[in-house]
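Following: one structure in C-alpha cells, then a few remarks.
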Amino acid sequence: GRPFHHFNTLKRHYAPDDPIEEVFEVLQKHALLVQGLWVPKSSLLFPGDPSKSLARDYVLLLFSKNPFISYDKVNHLSTSRKEEVKGFLKILAIESPPLKGWKLKENTDENFKKEYPDIVKKQEQIWKAGEDNVTNHIWRGAKGGPSRTKPGTVIKSEKAGNSDKVARKVAPGAHAGRTMSDETRETIPKALKKVFQTYKVCSLQLIRKGLRDLALSQSTLPKVDARLVVKAAYGADAPEHELQDVVSQVAVELHGGLFVMKSSQENLECDPLREVVINLLRVKDKLKKAEVTAAAQVSLKRDITNNEYNKVMSDFCEYKGNWWVLKSGDGKPS
C-alpha cells in the first residue's frame, strides 16, 4: 500500500475499538515513525535482502531528521549503493532539481507529534540508537560493514528508558571504523558554537574551515584551552558522516546542506520563533513575513513582535526584493 500512514487512519481502519496503548505496542513492533508518519520496517518488507533494507533505512533515517534530503547525501555513495538509495527515493520522495534534493512525499503529521510526544521521543531514541550502524554500513560497508552486525537489522526497537542503553543494545560495533575519538566528539560541540557565532549559516565545508581557523587563532593566545584547539583541528578533518553526526548535536540542517544553530546563544527568548523559521527554511530558501506570521500563529498561538521577528530573520537571512533570502553559507561573517 501507501509508503506512509497516519496513525488515526490506521487505528480507524484496523483497530477502532482497541485501546490506544495496545495499538502502539503492536505498531512499534512492525513500523517506525518518520515525521509523525508510520512506515513499515525494512526488515518486514525485505526479510531476505539486507542490502535493500539498508538502502531504505538510510533514506528513512535522513527523512526522520529532515523532510528534505540534499543531493550530497546520495551523490558520494558508491555506484551500487546510490542506485539502491535512489530507487527508494523515487518511492518515498519527490525530486526538486531547483532545491538540489528530494522532499518527502507526505507532509509532516504535526498533530500526531503534539498529541503523542512520548511515542515521538521513544522513536527518536530508536533512530539515534541505530544511526551509527546505518551510516557505517552505507558509507563504509560495501562488503558488509562492521562484522558484528547485520545491515538488514540495524533499526529495531528495544525496551529501554535510557537512550545510551538502547544504543549499546542496538548498535554493537557501531564505532567500528570511526576515526574521531570519544574525547574529540565531546569537545567539538563547544568549538562549533564559536564557529556559528561567526558564521550564522554554514555549509559543512565552512564548518571545517571554521574549526581549523579557530584552532589556529586560539593557539597563539596565552590562556588558550589547548584541549579545545587540538580537538577542533582533529574534528575539521573527520569523515563527513562523523562530523555531521557531531554537528547535529548543536545545529539543524536546512535544505541545500546548510546548517544553523538550534538555539540562539544571544537571544534565548526568541528560540520559539527561531524553531518556527527553521522548519520553514527546511523546505524553502526564501520567506515573506506573512508566511512566518501565519506559521507562528499556528505553532506559538500568539502574535510575534517586530523585535523578535527581525532578530530571528536577520540571523538566517538577508532582505532582498521584499523577500528574506537564506544566507549562502559561503564564509561571509554575519
Next on the checklist: Just to be sure I understand, how many residues within region 236-250 are under 13 Å from R185 (Cβ atoms), open to solvent by less than 20 Å² (accessible area, probe 1.4 Å) and not charged (D, E, K, R)?
Outcome noted: 5
Checklist entry - Restricting the first residue to region 9-22 and requiring it to be closer than 15 Å to Y116 by Cβ and of a type in the set (V, I, T), which pairs with a second residue that is open to solvent by less than 60 Å² (accessible area, probe 1.4 Å) and part of a loop (DSSP other than H, G, I, E, B) meet a Cβ separation below 9 Å and a spacing of at least six or different chains? => result I20/Y116
Checklist entry - Among (1) open to solvent by less than 70 Å² (accessible area, probe 1.4 Å); (2) among the polar types (S, T, N, Q); (3) over 17 Å from the mean Cα position of the chain (by Cα), which single condition is N111 missing? => result (1)
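Select from region 280-329 the residues that are acidic (D, E) and not in a helix (DSSP H, G or I) and write down the one among them that is surrounded by the fewest Cβ atoms within 10 Å (Cβ to Cβ). Talk me through it step by step, then tell me what you get.
In the first step, residues of region 280-329 are kept if they are acidic (D, E); the result is 285, 291, 303, 308, 315, 318.
Pick out the ones that are also not in a helix (DSSP H, G or I) and you get 285, 303, 318.
Working: D285: 18, D303: 8, E318: 16.
The residue in question is D303.
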Checklist entry - For L32, which of the numbered conditions (1) free of Cβ contacts under 8 Å to residues at least 24 places away in the same chain; (2) surrounded by 17 or more Cβ atoms within 10 Å (Cβ to Cβ) fails to hold? => result (1)
Checklist outcome for this item: Within region 74-128, the residues that are of a type in the set (K, R), touching a residue at least 40 places away in the same chain (Cβ under 8 Å) and farther than 23 Å from V298 by Cβ are R81, K100, K122
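To keep it simple, each residue is scored yes or no on (1) within 26 Å of L254 (Cα to Cα); (2) open to solvent by less than 40 Å² (accessible area, probe 1.4 Å); (3) of a type in the set (S, T, N, Q).
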{"residue": "F46", "(1), (2), (3)": "no, no, no"}
{"residue": "D49", "(1), (2), (3)": "no, no, no"}
{"residue": "L61", "(1), (2), (3)": "yes, yes, no"}
{"residue": "S64", "(1), (2), (3)": "yes, yes, yes"}
{"residue": "K73", "(1), (2), (3)": "yes, yes, no"}
{"residue": "L77", "(1), (2), (3)": "yes, yes, no"}
Item to check | Number of the exception - H13 against (1) open to solvent by 80 Å² or more (accessible area, probe 1.4 Å); (2) closer than 29 Å to V260 by Cβ; (3) not in a loop (DSSP other than H, G, I, E, B) | outcome: (2)
Checklist entry - Across region 63-119, what is the total count of residues that are over 19 Å from L33 (Cβ atoms) and of a type in the set (F, W, Y)? => result 2
Checklist entry - Of all residues in region 79-108, which are surrounded by fewer than 16 Cβ atoms within 10 Å (Cβ to Cβ) and among the aliphatic types (A, V, I, L, M)? => result I91, I94
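The values are calculated or read from the model by the stated rules, or taken from the named source; none is laboratory data. Source: prediction; values computed, not measured. Using ideal geometry, Cβ is built from the backbone for each residue, glycine included, and neighbour counts are taken over all protein chains shown. To get the accessible areas, we keep the full protein, side chains included, count just its heavy atoms, and leave off ligands, DNA and RNA. Shrake-Rupley method; radii C 1.70, N 1.55, O 1.52, S 1.80 Å.
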